[in-house]
Amino acid sequence: MAEITAKLVKELREKSGAGVMDAKKALVETDGDIEKAIELLREKGMAKAAKKADRVAAEGLTGVYVNGNVAAVIEVNAETDFVAKNDQFVTLVNETAKVIAEGKPANNEEALALVMPSGETLEQAFVSATATIGEKISFRRFALVEKTDEQHFGAYQHNGGRIGVITVIEGGDDALAKQVSMHVAAMKPQVLSYTELDPQFVKDELAQLNHVIDQDNESRAMVGKPALPHLQYGSKAQLTEEVVAAAEEAIKAELAAEGKPEKIWDKILPGKMDRFMLDNTKVDQAYTLLAQVYIMDDSKTVEAYLESVNAKAVTFARFEVGDGIEKASNDFEAEVAATMAAALGK
């Protein structure tokens with residue numbers, strides 16, 4: 001039987017990423033054959049990964065990488081926040097973002113077939129990571145964003161990498177694009193413009209806003225305050241020319257009833273109409289980038305601010321770790337009690 005030296009174990013660890021004991025056991029089982037040991041570790045790793053496959057991996061990191069006119073934002077999940085800070089995990093995330101930006105896959109299946117710097121496919125790299133790190137490590141999703149030579153990328157990660165954003169703007173510069181990405185990270189828009197919102201979604205959200213007003217009015221009634229009116233509209237998509245014209249006429253009638261001279265209406269009307277637009281585009285403000293108040297200048301929307309500096313937003317992608325994943329709820333006290341009982345042999 002071949003001698004299993006420390007040097008041999010070290011070589012296998014460097015090639016496979018396995019722990020000391022796993023590497024030594026694999027070499028013993030394969031009589032010191034490095035290549036067979038690597039294959040054995042991979043098989044065991046796949047078995048370990050399969051055992052962990054049904055675990056919930058809702059922690060992790062985003063990765064952002066820019067490759068010329070192509071940028072990638074990705075999400076990689078782990079089971080705990082602790083592992084998400086592990087150097088091996090961070091390296092895996094960064095390398096994954098890079099190969100995806102360079103390889104430009106069309107879907108996850110193509111992404112998993114890309115070759116990593118280690119020579120493994122991306123899929124194999126995640127199996128290996130699951131085996132060596134000891135938690136379920138999974139590649140969840142990616143988005144590719146492209147720009148022209150004249151446009152600018154804003155690449156930004158927030159909260160230690162839990163949020164990753166890529167924005168494309170036309171006009172301005174990279175610094176402005178990054179500021180817009182910071183806004184996207186903070187304000188969570190889902191789409192660029194109101195034109196991308198589904199009409200039924202707008203109706204449902206408007207109904208929810210009015211439900212909140214009803215609840216508020218119950219409280220106001222208890223203290224003798226007047227009720228707040230319901231919102232008629234939620235999106236610019238609903239504000240047809242007829243709706244806007246009717247609103248303008250209603251404001252003029254209101255000014256007349258207040259006794260305001262008609263010669264000053266032109267000075268009052270724009271502000272009143274701005275207020276009407278603001279009150280009736282609440283859904284846009286919540287979900288669309290262009291309608292949100294810009295965090296760098298709260299006197300303007302994102303769209304108005306960019307127009308003021310001769311720029312415009314073209315597109316964006318925003319990932320936040322764990323979005324849409326239902327985390328397992330752990331009863332900490334029960335977990336501690338179970339651990340203690342096991343230790344005491346009960």
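The values are calculated or read from the model by the stated rules, or taken from the named source; none is laboratory data. Quick caveat: nothing in here was measured; it's all calculated off a predicted structure. Please note: Cβ atoms are built from the backbone with ideal geometry, for glycine as well, and neighbour counts cover all protein chains shown. Surface accessibility is based on the protein's heavy atoms, side chains included, excluding ligands, DNA and RNA. Shrake-Rupley method; radii C 1.70, N 1.55, O 1.52, S 1.80 Å.
Below is a table of values for the structure above.
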| read-out | value |
| --- | --- |
| Selection from the stretch 279-314 of residues that are part of a loop (DSSP other than H, G, I, E, B) and in contact with a Ser or Thr (Cβ under 9 Å, 6 or more places away or on another chain) | 280, 281, 289, 290, 291, 292, 294, 297, 300 |
| Which listed residue, of 218, 249, 241, is open to solvent by 60 Å² or more (accessible area, probe 1.4 Å), out of contact with any strand residue (DSSP E or B) (no Cβ under 7 Å at 6 or more places or on another chain), free of Cβ contacts under 8 Å to residues at least 12 places away in the same chain and within 26 Å of residue 289 (Cα to Cα) | 241 |
| Members of the stretch 168-204 that are of a type in the set (Asp, Glu), under 27 Å from residue 306 (Cα atoms) and over 19 Å from the mean Cα position of the chain (by Cα) | 170, 173, 174, 198 |
| Sole exception among (1) more than 30 Å from residue 289 (Cβ to Cβ); (2) at pLDDT below 95; (3) open to solvent by 60 Å² or more (accessible area, probe 1.4 Å); (4) not aromatic (Phe, Trp, Tyr) for residue 140, by number | (1) |
| Qualifying positions in the stretch 183-204 - part of a helix (DSSP H, G or I) and surrounded by fewer than 18 Cβ atoms within 10 Å (Cβ to Cβ) | 186, 187, 195, 196, 199, 200, 201, 203, 204 |
| Which listed residue is more than 29 Å from residue 202 (Cα to Cα), touching a helix residue (DSSP H, G or I) at 6+ places or on another chain (Cβ under 8 Å) and part of a helix (DSSP H, G or I), from 251, 264, 268 | 268 |
| Selected residue [under 18 Å from residue 78 (Cβ atoms) and within 21 Å of the chain's Cα centre (by Cα)] from 128, 138 | 138 |
| Flag for residue 114 being open to solvent by 40 Å² or more (accessible area, probe 1.4 Å) and aliphatic (A, V, I, L, M) | no |
| Given (1) over 19 Å from the mean Cα position of the chain (by Cα); (2) part of a loop (DSSP other than H, G, I, E, B); (3) of a type outside the set (A, V, I, L, M, F, W, C), index of the condition residue 80 fails | (1) |
| The stretch 92-111, subset surrounded by fewer than 17 Cβ atoms within 10 Å (Cβ to Cβ) and without any contact (Cβ under 8 Å) to a residue 12 or more places away in the chain, residue nearest to the chain's Cα centre (by Cα) | 107 |
| Filter result for residue 171 (at positive phi, in contact (Cβ under 8 Å) with a residue 12 or more places away in the chain, open to solvent by less than 40 Å² (accessible area, probe 1.4 Å) and of a type outside the set (S, T, N, Q)) | yes |
| Residue 179 being of a type in the set (S, T, N, Q), out of contact with any Lys or Arg (no Cβ under 7 Å at 6 or more places or on another chain), open to solvent by 30 Å² or more (accessible area, probe 1.4 Å) and part of a helix (DSSP H, G or I) | yes |
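Yes or no, residue by residue, for (1) modelled with pLDDT of 95 or more; (2) basic (Lys, Arg); (3) farther than 25 Å from residue 66 by Cβ:
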| position | (1), (2), (3) |
| --- | --- |
| 263 | no, yes, yes |
| 271 | no, no, yes |
| 274 | no, no, yes |
| 290 | yes, no, no |
| 307 | yes, no, yes |
